[in-house]
1. List the DSSP H helices in the chain whose Cα atoms stretch 20 Å or more along the helix axis and whose mean Kyte-Doolittle hydropathy is at least -0.5.
2. Taking 0.36 nm per intervening residue step and subtracting the Cα-Cα distance, what contour gain separates SER88 from ALA185 on full extension?
3. Of the heavy-atom accessible surface of segment 197-302 (probe 1.4 angstrom), what whole percent is carbon and sulfur?
4. If you project the alpha carbons of segment 206-307 onto the principal axes, what extent comes out on each, in Å, largest first?
5. May I ask for the longest run of the chain untouched by chymotrypsin sites (Phe, Trp or Tyr not before Pro) that are loop-located per DSSP and have at most 14 neighbouring C-beta atoms (other than their own) within 10 Å?
6. Counting only protein heavy atoms and a 1.4 Å probe, tell me what percentage of segment 47-111's accessible area is made up of carbon and sulfur.
7. Taking the Cα centre of segment 94-164 as origin and charging only Cβ (+1 Lys, Arg; -1 Asp, Glu), how large is the dipole, in debye to the nearest 20?
8. Could you check the simple spin-label distance between GLU48 and ALA273, using points 7 Å along Cα→Cβ, in nm with one decimal?
Amino acid sequence: MNIEAAFAPAAAAIAGGRIPGATLGVVAADGRRWIRHAGKAALVPEPEELTEDHWFDLASVSKVIATTTMILSLADQGRLDLDAPLTSAIPDLRQYDVANAAERKLTFRDCLAHRTFLPAVEPIYTYGDDPARLRAFVLQREWRHGPPVYSDINFLLLGIAIERVTGRPLGAWPLGNGLCFGPPAGPAVATERCSWRGRVLRGEVHDENCAAMGGETGHAGLFGTVAGVLDFAQGLLDGSGASPAMLAAIRTPQYEHRTCGWERKFPGWSGGAACSAETIGHTGFTGTGLWVDFERGLAWTLLTNRVHPTRHFDSGIFRLRPETGDAVIAAWGRGTG
């Protein structure tokens, strides 16, 4: 395929000063892959060229590569039931209101599909920075109720459940080369100049709640190289990285356009209009994303540092992602040699 044509939207965004740098990786089910990168890994305090070996803070892509995979693997092993309440793993969830707490009725599947009443996000880091205390806060807080929304709280709870079932932190799970909970083993792209921490972040998690909770949570904290993300995607395409039951769970709608952990293609979504209906994807706040088109046997990841040096800037990421998806499919359609 013509990786230059697929990378053209990202190249234009870099040239226009909307994002510092970007890496696009594409992989086919048979293992062929194409990678293109350009721009800067950092602008401040010192400029640095982006390379293929740089690690990106994957942000909410952690939810699918790490947390969803872990939960579905544990279900495969019979160590949890997706339709059982979270209390089967976390019996102390809202333990002071056992009779009435709605959180005690939520299931693993509810949280994976964002089919809950929990809020999208909460500034948990403003309540302190002791990881154990903040986990207790998450479990005991009476969360405000609302309509189902995409919620970090859902995946914070799933991460705590994984820790309880396995007896180990999330970072102990074998994720493969090029994927890890931070700090990464190699050079990392810079993200934001964080007003809370008072420095440009690099090799430490961008998400404030994840950082305050120790850097390993269910909703964020994973770092990856383009090769590591593509290896994961290829495992989904060829079946080597997931069982048939796991693949069915991530491809089957559970609530509206959401599967277990992932999004399926829907009008106006981040993966563009050209991909097949059998495409799933997920994005990350720092400017990352991964999409898997099972019908075509094709996956792509767009990794950017669009929050560097600040999130308070129109990077155009919400246009760039679908434009890139459409460019990838067009480049694929013109030939796969």
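The values are calculated or read from the model by the stated rules, or taken from the named source; none is laboratory data. Source: prediction; values computed, not measured. Using ideal geometry, Cβ is built from the backbone for each residue, glycine included, and neighbour counts are taken over all protein chains shown. With ligands, DNA and RNA removed, areas are computed over all heavy atoms of the protein, side chains included. Shrake-Rupley method; radii C 1.70, N 1.55, O 1.52, S 1.80 Å.
1. Values: long enough: 152-166 (21 Å, 1.17); 317-333 (24 Å, 0.31).
Membrane-span-like by this rule: 152-166, 317-333.
2. On the way: separation 97, 0.36 × 97 = 34.92 nm, distance 3.55 nm.
Answer, rounded to one decimal: 31.4 nm.
3. Numbers: 1670 of 3200 Å².
Heavy-atom surface of segment 197-302 belonging to carbon and sulfur, 1.4 Å probe: 52 percent.
4. Extents along the principal axes, in whole Å: 39, 30, 29.
5. Working: sites that count: TYR96, TYR150, TRP196, PHE313.
It works out to 197-312.
6. Percent of accessible area from carbon and sulfur atoms in segment 47-111: 46.
7. On the way: 10 positive and 9 negative charges, 54 e Å.
For segment 94-164, the charge dipole is close to 260 debye.
8. It works out to 4.0 nm between the two label points.
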